[in-house]
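Here is the structure we will look at, set down as structure tokens.
The values are calculated or read from the model by the stated rules, or taken from the named source; none is laboratory data. Nothing here was measured: the structure is a model prediction, and the numbers come from that model. Glycine also receives a Cβ, built like all others from the backbone with ideal geometry; neighbour counts cover every protein chain displayed. Side chains included, ligands, DNA and RNA excluded: accessible areas come from the protein's heavy atoms. Shrake-Rupley method; radii C 1.70, N 1.55, O 1.52, S 1.80 Å.
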Amino acid sequence: MDAADEPATPFSTVTAQTSKLQRQYQALLDQSTPYVLYRWVGTGVALFVFFLRIFLAQGWYIVAYALGIYLLNLFLAFLQPKFDPSNDALDNDMEDGAIGSLPTKKDEEFRPFIRRLPEFKFWHSATRAVAISFLCSWFEIFNVPVFWPVLVMYWFMLFILTMRKQIQHMVKYRYVPFTIGKARYTKNSA
């Protein structure tokens, strides 16, 4: 008996359809990869629509707060190097050359900055989080009554303190996670 002759069970049919949908979704993600600006503009518009929903509905502040904390966590992972030079457990491996590290002295060899969270994964996770938050804002169970100014102040304090710590880390270990101001080399400039 061939595999094509076997009767299809409901489970195998659902599995086949799920696999087909996953392949189509991955193909859509692959096609969107080079369009960085358009992807982020779309995410920004979705975030604006979500905040407009929160503003007009006058509720679901806890969902907005959770989204803000999650986006802050993603942003911090985006800013950090993949191999943290301050990690003592990795120091021995870095000295042996087993793991790449950032240069800490002027005479050290240049090693490129590798992010802990790449830009595409950052965008994908942020967009998914905004979509899930927007969906949650339509269910009354997530509309927990809270005093929203406290959440806003707490989020700003958390943002300021974590960014201060991250900037101090960048200054201490001399790395810049952005390409603004870095030298760009072309074919003609040799």
Residues of region 155-176 classified as open to solvent by 60 Å² or more (accessible area, probe 1.4 Å) and touching a residue at least 60 places away in the same chain (Cβ under 8 Å), total = 5
ask   = When the residues of region 116-134 are filtered to those that are open to solvent by 50 Å² or more (accessible area, probe 1.4 Å) and not in a helix (DSSP H, G or I), which remaining residue is modelled with the lowest pLDDT?
value = R116
remark   = Picked from region 51-67 (must be assigned to a helix (DSSP H, G or I) and free of Cβ contacts under 8 Å to residues at least 60 places away in the same chain), the residue farthest from the chain's Cα centre (by Cα) is L56
query = When both residues are 6+ apart or on different chains and their Cβ atoms are under 7 Å apart, which pairs have a first residue that lies in region 68-86 and is part of a loop (DSSP other than H, G, I, E, B), and a second that is surrounded by fewer than 15 Cβ atoms within 10 Å (Cβ to Cβ) and at pLDDT 85 or above?
reply = none
request  = Would you point out which residue out of L47, L67, L56 is closer than 29 Å to S137 by Cα, surrounded by fewer than 12 Cβ atoms within 10 Å (Cβ to Cβ) and at pLDDT 90 or above?
outcome  = L56
